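Data first, discussion second: the structure below is written as C-alpha coordinates.
The values are calculated or read from the model by the stated rules, or taken from the named source; none is laboratory data. Remember, it's a predicted structure, so these values are computed and weren't measured experimentally. Cβ placement follows ideal geometry from the backbone for every residue including glycine, while neighbour counts extend to all protein chains displayed.
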Amino acid sequence: MKGQTPPEIAADLRRAERLEWLTIGWMVSVVVVMALVMGSSQAMRTAWIEDLLSLVPAIVFLIARKIEQRAPTERFPFGYARSHSIAFLISAVALASVGASLLLESGRTLLMAEHVTIAPVTLFGIHVWQGWLMIAALIYSIIPPVILGRMKQPIAQRLQDKVLHTDALMQKADWMTGLAGIAGILGVGLGYWWADAAAAAVISLSILSDGVRALRTSTAELIDGAPRDLEKDKIDAETAALVVELQRRFPDAEVRVRETGRVIHAQVEGVPPPTDVALDELWPGKPERAWRLAQLSFVPAGGSRHAEA
Amino acid sequence: MKRLLPLLAGLLSACDAIPADPEQTLHKVQARGTFRVGIIDPGEEPMGQPQLGRFLGSVARAAGARPQVQLGAAEPLLTELEGGELDLVVGPVSRSSPWRTRVSPLPPLWKSKDGSFIEVTAFARNGENRWIDLLYRQARAAGSVP
(Lines give C-alpha, C1' and ligand atoms only; values in the text may rest on other atoms or scores of the structure.)
Protein backbone atom coordinates (compact mmCIF):
# COMPACT_ATOMS: atom_id res chain seq x y z
CA MET A 1 0.00 0.00 0.00
CA LYS A 2 1.62 3.24 -1.09
CA GLY A 3 1.51 6.42 0.96
CA GLN A 4 -2.00 7.67 0.26
CA THR A 5 -2.64 11.10 -1.16
CA PRO A 6 -6.22 12.24 -0.52
CA PRO A 7 -7.91 12.21 -3.95
CA GLU A 8 -9.38 15.68 -3.23
CA ILE A 9 -5.93 17.27 -3.44
CA ALA A 10 -4.26 15.01 -6.01
CA ALA A 11 -4.80 17.44 -8.90
CA ASP A 12 -3.47 20.39 -6.88
CA LEU A 13 -0.42 18.37 -5.86
CA ARG A 14 0.35 17.50 -9.47
CA ARG A 15 -0.04 21.18 -10.36
CA ALA A 16 2.31 22.12 -7.52
CA GLU A 17 4.90 19.62 -8.71
CA ARG A 18 4.79 21.07 -12.23
CA LEU A 19 5.21 24.56 -10.81
CA GLU A 20 8.22 23.49 -8.78
CA TRP A 21 9.91 21.94 -11.81
CA LEU A 22 9.20 25.16 -13.70
CA THR A 23 10.64 27.11 -10.76
CA ILE A 24 13.88 25.12 -10.82
CA GLY A 25 14.31 25.51 -14.58
CA TRP A 26 13.50 29.21 -14.65
CA MET A 27 15.55 30.11 -11.56
CA VAL A 28 18.58 28.18 -12.87
CA SER A 29 18.44 30.44 -15.94
CA VAL A 30 18.33 33.46 -13.61
CA VAL A 31 21.36 32.13 -11.70
CA VAL A 32 23.29 31.72 -14.97
CA VAL A 33 22.42 35.22 -16.21
CA MET A 34 23.34 36.79 -12.85
CA ALA A 35 26.66 34.90 -12.80
CA LEU A 36 27.52 36.34 -16.21
CA VAL A 37 27.02 39.98 -15.20
CA MET A 38 27.84 40.15 -11.50
CA GLY A 39 31.52 41.01 -12.01
CA SER A 40 33.23 42.05 -8.79
CA SER A 41 30.10 43.62 -7.29
CA GLN A 42 29.55 42.22 -3.81
CA ALA A 43 25.89 43.21 -3.92
CA MET A 44 25.34 41.25 -7.12
CA ARG A 45 27.23 38.30 -5.65
CA THR A 46 24.92 38.36 -2.64
CA ALA A 47 21.87 38.50 -4.92
CA TRP A 48 23.27 35.54 -6.88
CA ILE A 49 23.74 33.49 -3.71
CA GLU A 50 20.19 34.31 -2.68
CA ASP A 51 18.90 33.16 -6.07
CA LEU A 52 20.79 29.88 -5.52
CA LEU A 53 19.24 29.48 -2.05
CA SER A 54 15.80 30.18 -3.52
CA LEU A 55 16.05 26.84 -5.31
CA VAL A 56 16.06 24.97 -1.97
CA PRO A 57 12.29 25.02 -1.19
CA ALA A 58 11.39 23.84 -4.72
CA ILE A 59 13.94 21.03 -4.61
CA VAL A 60 12.99 19.77 -1.13
CA PHE A 61 9.28 19.93 -2.04
CA LEU A 62 9.83 17.57 -4.95
CA ILE A 63 12.07 15.25 -2.92
CA ALA A 64 9.54 15.16 -0.07
CA ARG A 65 6.73 14.39 -2.53
CA LYS A 66 8.65 11.38 -3.80
CA ILE A 67 9.37 10.12 -0.30
CA GLU A 68 5.93 10.68 1.26
CA GLN A 69 4.27 8.52 -1.37
CA ARG A 70 6.22 5.44 -0.27
CA ALA A 71 4.31 2.68 1.49
CA PRO A 72 4.95 2.17 5.22
CA THR A 73 7.63 -0.37 6.09
CA GLU A 74 8.69 -2.33 9.15
CA ARG A 75 11.24 0.38 9.92
CA PHE A 76 8.81 3.22 9.18
CA PRO A 77 5.43 1.77 10.19
CA PHE A 78 3.74 5.20 10.17
CA GLY A 79 4.87 5.85 6.62
CA TYR A 80 6.79 8.86 5.33
CA ALA A 81 4.33 11.75 5.67
CA ARG A 82 6.73 13.50 8.03
CA SER A 83 9.21 13.98 5.20
CA HIS A 84 7.05 16.98 4.33
CA SER A 85 7.71 18.43 7.80
CA ILE A 86 11.46 18.03 7.32
CA ALA A 87 11.18 19.72 3.93
CA PHE A 88 9.36 22.60 5.65
CA LEU A 89 12.17 23.00 8.17
CA ILE A 90 14.83 23.00 5.45
CA SER A 91 12.85 25.58 3.43
CA ALA A 92 12.40 27.77 6.50
CA VAL A 93 16.14 27.65 7.20
CA ALA A 94 16.86 28.63 3.57
CA LEU A 95 14.44 31.59 3.74
CA ALA A 96 15.80 32.81 7.07
CA SER A 97 19.36 32.42 5.74
CA VAL A 98 18.55 34.62 2.76
CA GLY A 99 17.24 37.35 5.06
CA ALA A 100 20.11 37.04 7.50
CA SER A 101 22.85 37.02 4.84
CA LEU A 102 21.34 40.04 3.13
CA LEU A 103 21.11 41.93 6.42
CA LEU A 104 24.70 41.04 7.44
CA GLU A 105 26.14 41.88 4.03
CA SER A 106 24.34 45.22 3.74
CA GLY A 107 25.17 46.10 7.35
CA ARG A 108 28.84 45.31 6.75
CA THR A 109 28.88 47.46 3.60
CA LEU A 110 27.30 50.41 5.43
CA LEU A 111 29.58 50.10 8.48
CA MET A 112 32.75 49.79 6.39
CA ALA A 113 31.51 52.60 4.09
CA GLU A 114 32.42 50.43 1.09
CA HIS A 115 32.19 52.30 -2.18
CA VAL A 116 31.05 49.92 -4.88
CA THR A 117 33.01 49.95 -8.14
CA ILE A 118 30.96 49.12 -11.21
CA ALA A 119 33.35 49.34 -14.12
CA PRO A 120 32.46 49.37 -17.81
CA VAL A 121 32.73 46.29 -20.00
CA THR A 122 33.39 45.99 -23.69
CA LEU A 123 30.72 44.16 -25.66
CA PHE A 124 31.27 43.74 -29.39
CA GLY A 125 33.64 46.73 -29.33
CA ILE A 126 31.19 48.97 -27.44
CA HIS A 127 31.93 50.26 -23.95
CA VAL A 128 28.92 49.80 -21.70
CA TRP A 129 28.63 50.65 -18.02
CA GLN A 130 28.21 47.23 -16.39
CA GLY A 131 25.48 48.61 -14.15
CA TRP A 132 23.09 48.64 -17.11
CA LEU A 133 23.75 44.93 -17.71
CA MET A 134 23.23 44.24 -14.01
CA ILE A 135 19.92 46.11 -14.09
CA ALA A 136 18.82 44.13 -17.15
CA ALA A 137 19.75 40.87 -15.39
CA LEU A 138 17.90 41.95 -12.25
CA ILE A 139 14.79 42.83 -14.26
CA TYR A 140 14.92 39.34 -15.75
CA SER A 141 15.42 37.88 -12.26
CA ILE A 142 12.23 39.56 -11.02
CA ILE A 143 9.89 38.15 -13.66
CA PRO A 144 9.84 34.41 -12.75
CA PRO A 145 9.38 34.93 -8.98
CA VAL A 146 6.47 37.34 -9.47
CA ILE A 147 4.65 34.96 -11.82
CA LEU A 148 5.48 31.76 -9.96
CA GLY A 149 4.80 33.19 -6.49
CA ARG A 150 1.32 34.33 -7.51
CA MET A 151 0.58 30.92 -9.02
CA LYS A 152 1.76 29.02 -5.94
CA GLN A 153 -0.02 30.94 -3.21
CA PRO A 154 -3.62 29.84 -3.90
CA ILE A 155 -2.49 26.22 -4.33
CA ALA A 156 -0.58 26.40 -1.05
CA GLN A 157 -3.73 27.70 0.65
CA ARG A 158 -5.90 24.89 -0.73
CA LEU A 159 -3.31 22.24 0.14
CA GLN A 160 -2.45 23.83 3.49
CA ASP A 161 1.07 23.11 2.28
CA LYS A 162 3.66 24.98 4.29
CA VAL A 163 6.58 24.02 2.04
CA LEU A 164 4.79 25.45 -0.98
CA HIS A 165 3.79 28.51 1.04
CA THR A 166 7.41 29.02 2.17
CA ASP A 167 8.49 28.65 -1.44
CA ALA A 168 6.01 31.37 -2.43
CA LEU A 169 7.54 33.57 0.30
CA MET A 170 10.95 32.82 -1.13
CA GLN A 171 9.75 34.02 -4.55
CA LYS A 172 8.57 37.20 -2.86
CA ALA A 173 12.03 37.55 -1.29
CA ASP A 174 13.54 37.07 -4.75
CA TRP A 175 11.65 39.84 -6.49
CA MET A 176 11.99 42.23 -3.55
CA THR A 177 15.76 41.63 -3.57
CA GLY A 178 15.78 42.20 -7.32
CA LEU A 179 13.95 45.53 -6.94
CA ALA A 180 16.28 46.57 -4.14
CA GLY A 181 19.22 45.64 -6.33
CA ILE A 182 17.95 47.79 -9.20
CA ALA A 183 17.35 50.74 -6.87
CA GLY A 184 20.76 50.19 -5.36
CA ILE A 185 22.63 50.08 -8.67
CA LEU A 186 20.85 53.19 -9.89
CA GLY A 187 21.70 54.84 -6.60
CA VAL A 188 25.36 53.83 -6.92
CA GLY A 189 25.27 55.07 -10.51
CA LEU A 190 24.06 58.46 -9.29
CA GLY A 191 26.89 58.64 -6.75
CA TYR A 192 25.03 57.45 -3.65
CA TRP A 193 27.38 54.64 -2.60
CA TRP A 194 25.12 53.65 0.31
CA ALA A 195 21.97 53.17 -1.81
CA ASP A 196 22.43 49.52 -2.61
CA ALA A 197 23.23 48.47 0.96
CA ALA A 198 20.47 50.62 2.45
CA ALA A 199 17.82 49.21 0.11
CA ALA A 200 19.02 45.67 0.80
CA ALA A 201 18.96 46.23 4.57
CA VAL A 202 15.33 47.37 4.49
CA ILE A 203 14.26 44.44 2.32
CA SER A 204 16.21 41.95 4.43
CA LEU A 205 14.17 42.78 7.53
CA SER A 206 10.96 41.69 5.80
CA ILE A 207 12.55 38.50 4.44
CA LEU A 208 14.10 37.66 7.80
CA SER A 209 10.76 38.20 9.53
CA ASP A 210 9.08 35.74 7.14
CA GLY A 211 11.94 33.28 7.60
CA VAL A 212 11.86 33.39 11.39
CA ARG A 213 8.08 32.92 11.40
CA ALA A 214 8.47 29.89 9.11
CA LEU A 215 11.22 28.50 11.37
CA ARG A 216 8.98 28.81 14.42
CA THR A 217 6.08 27.05 12.69
CA SER A 218 8.26 24.29 11.26
CA THR A 219 9.89 23.50 14.59
CA ALA A 220 6.48 23.55 16.27
CA GLU A 221 5.28 20.97 13.77
CA LEU A 222 8.28 18.73 14.34
CA ILE A 223 7.67 18.66 18.07
CA ASP A 224 3.99 17.83 17.61
CA GLY A 225 2.68 21.36 18.09
CA ALA A 226 -0.92 22.18 17.24
CA PRO A 227 -1.37 22.96 13.53
CA ARG A 228 -0.45 26.56 12.78
CA ASP A 229 -1.97 29.03 10.38
CA LEU A 230 -0.15 29.39 7.04
CA GLU A 231 0.34 33.13 7.35
CA LYS A 232 0.54 33.81 11.08
CA ASP A 233 2.12 32.20 14.12
CA LYS A 234 -1.19 31.16 15.69
CA ILE A 235 -3.26 28.00 15.80
CA ASP A 236 -5.02 27.35 12.53
CA ALA A 237 -8.76 28.22 12.60
CA GLU A 238 -9.87 24.84 11.23
CA THR A 239 -7.88 23.09 13.95
CA ALA A 240 -9.42 25.25 16.67
CA ALA A 241 -12.91 24.43 15.32
CA LEU A 242 -12.04 20.69 15.21
CA VAL A 243 -10.92 20.72 18.85
CA VAL A 244 -14.20 22.41 19.85
CA GLU A 245 -16.22 19.80 17.90
CA LEU A 246 -14.31 16.84 19.36
CA GLN A 247 -14.63 18.28 22.86
CA ARG A 248 -18.38 18.63 22.26
CA ARG A 249 -18.69 15.01 21.17
CA PHE A 250 -16.43 13.69 23.91
CA PRO A 251 -16.89 16.12 26.79
CA ASP A 252 -15.13 13.97 29.38
CA ALA A 253 -12.06 13.46 27.25
CA GLU A 254 -8.79 15.29 26.74
CA VAL A 255 -8.40 16.27 23.08
CA ARG A 256 -5.04 16.81 21.42
CA VAL A 257 -4.24 17.57 17.76
CA ARG A 258 -1.00 17.67 15.87
CA GLU A 259 0.03 18.19 12.27
CA THR A 260 1.86 15.79 10.02
CA GLY A 261 2.67 17.55 6.78
CA ARG A 262 -0.64 18.74 5.37
CA VAL A 263 -2.92 16.62 7.54
CA ILE A 264 -4.13 16.62 11.13
CA HIS A 265 -3.97 13.77 13.61
CA ALA A 266 -6.37 14.04 16.53
CA GLN A 267 -6.19 12.09 19.79
CA VAL A 268 -9.00 11.65 22.30
CA GLU A 269 -7.90 10.40 25.70
CA GLY A 270 -9.94 9.13 28.60
CA VAL A 271 -13.11 7.80 26.97
CA PRO A 272 -13.84 4.49 25.25
CA PRO A 273 -13.86 4.73 21.45
CA PRO A 274 -17.22 4.66 19.68
CA THR A 275 -17.96 1.57 17.60
CA ASP A 276 -18.18 3.57 14.40
CA VAL A 277 -16.41 6.80 13.40
CA ALA A 278 -16.74 8.73 10.16
CA LEU A 279 -13.92 11.25 9.87
CA ASP A 280 -15.81 13.36 7.33
CA GLU A 281 -18.69 13.76 9.79
CA LEU A 282 -16.36 14.99 12.51
CA TRP A 283 -14.89 17.73 10.33
CA PRO A 284 -16.50 21.05 11.34
CA GLY A 285 -15.35 23.11 8.36
CA LYS A 286 -16.05 23.03 4.64
CA PRO A 287 -16.67 19.45 3.42
CA GLU A 288 -14.06 19.78 0.66
CA ARG A 289 -11.45 20.36 3.39
CA ALA A 290 -12.37 17.24 5.38
CA TRP A 291 -9.35 15.43 3.93
CA ARG A 292 -7.22 17.36 6.42
CA LEU A 293 -8.40 15.13 9.29
CA ALA A 294 -6.31 12.05 8.53
CA GLN A 295 -6.63 10.09 11.77
CA LEU A 296 -8.61 10.01 15.00
CA SER A 297 -7.15 7.81 17.73
CA PHE A 298 -8.45 6.95 21.18
CA VAL A 299 -6.33 6.45 24.28
CA PRO A 300 -7.97 4.79 27.31
CA ALA A 301 -7.85 6.52 30.67
CA GLY A 302 -4.40 6.00 32.18
CA GLY A 303 -3.06 4.93 28.82
CA SER A 304 -0.76 7.91 28.39
CA ARG A 305 2.04 9.53 30.37
CA HIS A 306 1.52 12.94 28.73
CA ALA A 307 1.96 15.91 31.10
CA GLU A 308 -1.39 17.52 31.79
CA ALA A 309 -2.09 20.87 30.19
CA MET B 1 2.97 62.32 -26.26
CA LYS B 2 3.82 66.00 -25.67
CA ARG B 3 3.65 65.42 -21.91
CA LEU B 4 5.97 62.45 -22.20
CA LEU B 5 8.70 64.36 -24.00
CA PRO B 6 9.92 66.39 -20.97
CA LEU B 7 9.86 63.17 -18.92
CA LEU B 8 11.88 61.33 -21.56
CA ALA B 9 14.32 64.25 -21.78
CA GLY B 10 14.68 64.16 -18.00
CA LEU B 11 15.28 60.40 -18.03
CA LEU B 12 17.87 60.66 -20.80
CA SER B 13 19.76 63.41 -18.99
CA ALA B 14 19.64 61.34 -15.79
CA CYS B 15 21.07 58.40 -17.77
CA ASP B 16 23.83 60.68 -19.03
CA ALA B 17 24.71 61.52 -15.42
CA ILE B 18 25.23 57.80 -14.69
CA PRO B 19 27.71 56.70 -13.54
CA ALA B 20 28.64 59.46 -11.10
CA ASP B 21 31.54 59.81 -8.65
CA PRO B 22 30.54 59.91 -4.98
CA GLU B 23 33.66 61.98 -4.25
CA GLN B 24 33.44 63.99 -7.52
CA THR B 25 36.90 62.87 -8.67
CA LEU B 26 36.49 63.55 -12.41
CA HIS B 27 34.79 66.86 -11.75
CA LYS B 28 37.64 67.95 -9.44
CA VAL B 29 40.26 66.82 -11.96
CA GLN B 30 38.62 68.87 -14.71
CA ALA B 31 38.15 71.86 -12.40
CA ARG B 32 41.81 71.78 -11.28
CA GLY B 33 43.17 71.01 -14.71
CA THR B 34 45.46 68.36 -13.21
CA PHE B 35 45.18 64.76 -12.08
CA ARG B 36 47.42 63.50 -9.26
CA VAL B 37 49.12 60.30 -10.36
CA GLY B 38 51.48 58.09 -8.37
CA ILE B 39 53.97 56.06 -10.43
CA ILE B 40 55.21 52.93 -8.66
CA ASP B 41 59.02 52.77 -8.84
CA PRO B 42 59.74 49.90 -11.27
CA GLY B 43 63.24 49.29 -9.87
CA GLU B 44 66.11 48.30 -12.10
CA GLU B 45 63.96 46.82 -14.87
CA PRO B 46 61.42 49.27 -16.17
CA MET B 47 58.35 47.40 -17.40
CA GLY B 48 55.65 48.51 -19.79
CA GLN B 49 57.03 52.07 -20.12
CA PRO B 50 55.68 52.77 -23.64
CA GLN B 51 52.19 51.63 -22.62
CA LEU B 52 52.34 53.67 -19.40
CA GLY B 53 53.34 56.82 -21.30
CA ARG B 54 50.62 56.27 -23.88
CA PHE B 55 48.06 55.72 -21.14
CA LEU B 56 48.91 58.92 -19.22
CA GLY B 57 48.85 60.92 -22.43
CA SER B 58 45.44 59.65 -23.43
CA VAL B 59 44.02 60.23 -19.93
CA ALA B 60 45.31 63.81 -20.07
CA ARG B 61 43.59 64.36 -23.40
CA ALA B 62 40.31 62.68 -22.37
CA ALA B 63 40.09 64.52 -19.04
CA GLY B 64 41.42 67.83 -20.30
CA ALA B 65 43.98 67.86 -17.45
CA ARG B 66 47.77 67.53 -16.98
CA PRO B 67 49.35 64.74 -14.93
CA GLN B 68 50.94 65.81 -11.65
CA VAL B 69 53.36 62.92 -11.11
CA GLN B 70 54.69 61.53 -7.83
CA LEU B 71 57.17 58.61 -7.72
CA GLY B 72 57.24 56.14 -4.87
CA ALA B 73 56.79 52.62 -3.53
CA ALA B 74 53.54 50.74 -4.10
CA GLU B 75 52.29 50.57 -0.52
CA PRO B 76 52.35 54.29 0.39
CA LEU B 77 51.05 55.34 -3.05
CA LEU B 78 48.11 52.91 -2.93
CA THR B 79 47.36 54.01 0.63
CA GLU B 80 47.20 57.62 -0.55
CA LEU B 81 44.96 56.58 -3.44
CA GLU B 82 42.63 54.75 -1.04
CA GLY B 83 42.45 57.88 1.10
CA GLY B 84 41.70 60.17 -1.83
CA GLU B 85 45.04 61.99 -1.83
CA LEU B 86 45.86 60.66 -5.29
CA ASP B 87 43.55 60.21 -8.29
CA LEU B 88 45.47 57.43 -10.00
CA VAL B 89 48.33 55.03 -9.31
CA VAL B 90 50.13 53.14 -12.07
CA GLY B 91 52.88 50.58 -11.94
CA PRO B 92 53.92 46.93 -11.62
CA VAL B 93 51.79 45.00 -9.11
CA SER B 94 51.50 41.26 -8.55
CA ARG B 95 48.29 39.65 -9.79
CA SER B 96 47.74 38.24 -6.32
CA SER B 97 48.20 41.56 -4.50
CA PRO B 98 45.56 42.16 -1.79
CA TRP B 99 45.35 45.76 -3.02
CA ARG B 100 43.30 44.53 -5.97
CA THR B 101 40.19 44.48 -3.75
CA ARG B 102 40.96 47.66 -1.76
CA VAL B 103 41.27 49.83 -4.85
CA SER B 104 39.93 49.30 -8.37
CA PRO B 105 42.35 47.77 -10.89
CA LEU B 106 41.90 48.69 -14.54
CA PRO B 107 42.71 46.53 -17.59
CA PRO B 108 46.47 45.82 -17.44
CA LEU B 109 48.76 47.95 -19.58
CA TRP B 110 51.48 45.30 -19.70
CA LYS B 111 51.85 41.69 -18.52
CA SER B 112 55.03 39.79 -17.73
CA LYS B 113 55.78 36.75 -19.88
CA ASP B 114 58.39 35.17 -17.62
CA GLY B 115 55.95 33.49 -15.23
CA SER B 116 56.34 36.14 -12.51
CA PHE B 117 52.65 37.21 -12.70
CA ILE B 118 53.55 40.91 -12.61
CA GLU B 119 51.29 43.34 -14.44
CA VAL B 120 51.68 47.05 -15.01
CA THR B 121 48.24 48.19 -13.95
CA ALA B 122 46.48 51.44 -13.26
CA PHE B 123 44.40 51.72 -10.08
CA ALA B 124 41.62 54.12 -9.15
CA ARG B 125 39.81 54.73 -5.90
CA ASN B 126 36.87 52.35 -5.30
CA GLY B 127 33.47 53.67 -6.25
CA GLU B 128 34.57 56.64 -8.42
CA ASN B 129 32.74 55.09 -11.32
CA ARG B 130 32.69 58.01 -13.77
CA TRP B 131 36.46 58.55 -13.37
CA ILE B 132 36.96 54.78 -13.63
CA ASP B 133 34.87 54.71 -16.80
CA LEU B 134 37.21 57.30 -18.42
CA LEU B 135 40.35 55.51 -17.22
CA TYR B 136 39.04 52.11 -18.32
CA ARG B 137 38.66 53.19 -21.94
CA GLN B 138 42.19 54.68 -22.05
CA ALA B 139 43.71 51.65 -20.31
CA ARG B 140 42.13 49.22 -22.77
CA ALA B 141 43.38 51.25 -25.72
CA ALA B 142 46.91 51.68 -24.32
CA GLY B 143 47.24 48.06 -23.23
CA SER B 144 46.12 46.68 -26.56
CA VAL B 145 49.17 48.09 -28.38
CA PRO B 146 52.48 46.28 -27.61
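Structure notes:
- Output for the range B:38-54, where each listed residue is within 15 Å of B:Lys111 (Cα to Cα) and hydrophobic (A, V, I, L, M, F, W, C): B:Met47, B:Leu52
- Among the candidates A:Ile67, A:Ile118, the residue that is more than 25 Å from A:Val212 (Cβ to Cβ) and within 14 Å of another protein chain (Cβ to nearest Cβ) is uniquely A:Ile118.
- Selected residue [among the charged types (D, E, K, R) and over 18 Å from A:Arg158 (Cα atoms)] from A:Arg248, A:Arg262, A:Arg228: A:Arg248
- Members of the range A:200-238 found to be without any contact (Cβ under 8 Å) to a residue 60 or more places away in the chain and under 30 Å from B:Arg125 (Cα atoms), listed by number: A:Val202
- Options B:Ala122, B:Ala65; residue that is within 14 Å of chain A (Cβ to nearest Cβ) and either surrounded by 19 or more Cβ atoms within 10 Å (Cβ to Cβ) or without any contact (Cβ under 8 Å) to a residue 12 or more places away in the chain (or both): B:Ala122
- Applying the condition of being at pLDDT 90 or above, among the small types (Gly, Ala, Ser) and assigned to a helix (DSSP H, G or I) to the range A:30-80 and asking which residue is surrounded by the most Cβ atoms within 10 Å (Cβ to Cβ) yields A:Ala58.
- Positions within the range A:93-115 being at the interface with chain B (Cβ under 10 Å from one of its Cβ atoms) and either part of a helix (DSSP H, G or I) or loosely packed, with under 15 Cβ neighbours inside 10 Å (or both), in sequence order: A:Ala113
- Filtered residue count, the range A:183-228, keeping only those that are surrounded by fewer than 16 Cβ atoms within 10 Å (Cβ to Cβ), in contact with an Asp or Glu (Cβ under 9 Å, 6 or more places away or on another chain) and not in a helix (DSSP H, G or I): 1
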